[in-house]
Amino acid sequence: MTGDRRSSAGAPTDSGSAYAQDTPAAGRSDGPRQHSQPAFVLHSYPFKETSLVVELFTRDFGRVAVVAKGARRPKSSLRGVLLAFQPVLVSWSGKGELYTLIRAEWHGAYQPLKGLPLICGFYLNELLLKLLPRHDAHEGLFGTYARTLDALDPECDPAGVLRGFEKELLRELGYAMTLDREVESGHPIAAEQRYTYLVERGPVSAGDERQRNGVELLGQTLLDMQSGDYSNAMTQQQSKALMRALINHYLGDQVLHTRQLLRELQELQPPGARST
């Protein structure tokens, strides 16, 4: 582990691991225990005077919430471990919706996100918090999330990276998109034809006057999304509109606050700058 990952206030031990304070003593259990589970921190907030509630995205148990006792104390070793976007191994015990964190340690390299990639990372976390039910395991999505974080490069346009994650998230939740065929006729998508993408159905011919509620886009955009190619400017624009409509539908009344941050950041960029 590199030295720049250690905090002067409450630095982790040399092994990069930390125990939560005031956890049950060895040999005593407040419920079933899970040991060394790969995870990422999605969000945390204060709990009582010195503790935190930490929302975790774990590989084998999906999204879980734990109480990190004493984590807000100045000398707590957890302060340098429970970081967003840092792969960790966590152990917990307990029952119900809120578990008790026993131990957390680093698990792999940590490259802090900065600038636009940082906001994009928070956007991914907010999607998981608001769309992923608790205790619903998604091992494939866990891997996709880790790879997406690695792909967020400040020198590269993040649009394609975000669209790929959004598409995989919907698939994992049971809302897989149809991108290769027209849903009514079953005909393959034609690149030059215009389509209307209907939520919870898929693409239909844009010439059908019965289909008024949906997102209009070119067949080329659908084919590019199918293959994961977001290099075309029109594909970037239309795929963003489509994914926003779909995600808004499944969010219901929930609001994504990181979207507003992205909009404000884009307003500060010069005309013609990239759009996420």
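Any read-out appearing in this document is the output of simple, stated calculations on the displayed coordinates, not a laboratory observation. Only a predicted model underlies this, so the values are computations on that prediction, with no experimental measurement involved. Please note: Cβ atoms are built from the backbone with ideal geometry, for glycine as well, and neighbour counts cover all protein chains shown.
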Requested in this report: Output the peptides 246-253, 75-82 sorted from most to least packed, where packing is the average of other Cβ atoms within 10 Å over each peptide's residues.
Outcome: 75-82, 246-253
Requested in this report: Using the charge dipole of the range 133-225 (Lys, Arg: +1 at Cβ; Asp, Glu: -1 at Cβ; taken about the Cα centre), state which of TYR145, SER205, LEU162 has its Cα farthest towards the positive end.
Outcome: SER205
Query raised in the report: Where does each of SER44, SER227 land when they are ranked from fewest to most other beta-carbon atoms within 10 angstrom?
Result: SER227, SER44
Query raised in the report: At q = 0.17, 0.19 Å⁻¹, what is the log10 ratio I(q)/I(0) for the range 115-267, with the Debye formula run over Cα points and no solvent?
Result: -1.04, -1.26
Query - Spin-label model distance (nm) - TYR110 vs HIS249, 7 Å beyond Cα toward Cβ - result: 4.0
Query raised in the report: Given that compact globular proteins tend to follow 2.2 N^0.38 Å, what is the ratio of the alpha-carbon Rg of the range 95-190 to that value?
Result: 1.36
Report summary line: With 0.36 nm assigned to each residue of separation and the Cα-Cα distance removed, ALA137 to THR258 gains 41.1 nm
Query raised in the report: Rounded to the nearest 20 Debye, what is the dipole magnitude of the range 115-267 about its Cα centre when Lys and Arg each give +1 and Asp and Glu each give -1 at the C-beta?
Result: 340
Query raised in the report: Taking R0 as 22 Å, what's the FRET efficiency between ALA241 and ARG147 from their Cβ-Cβ distance, rounded to 0.05?
Result: 0.30
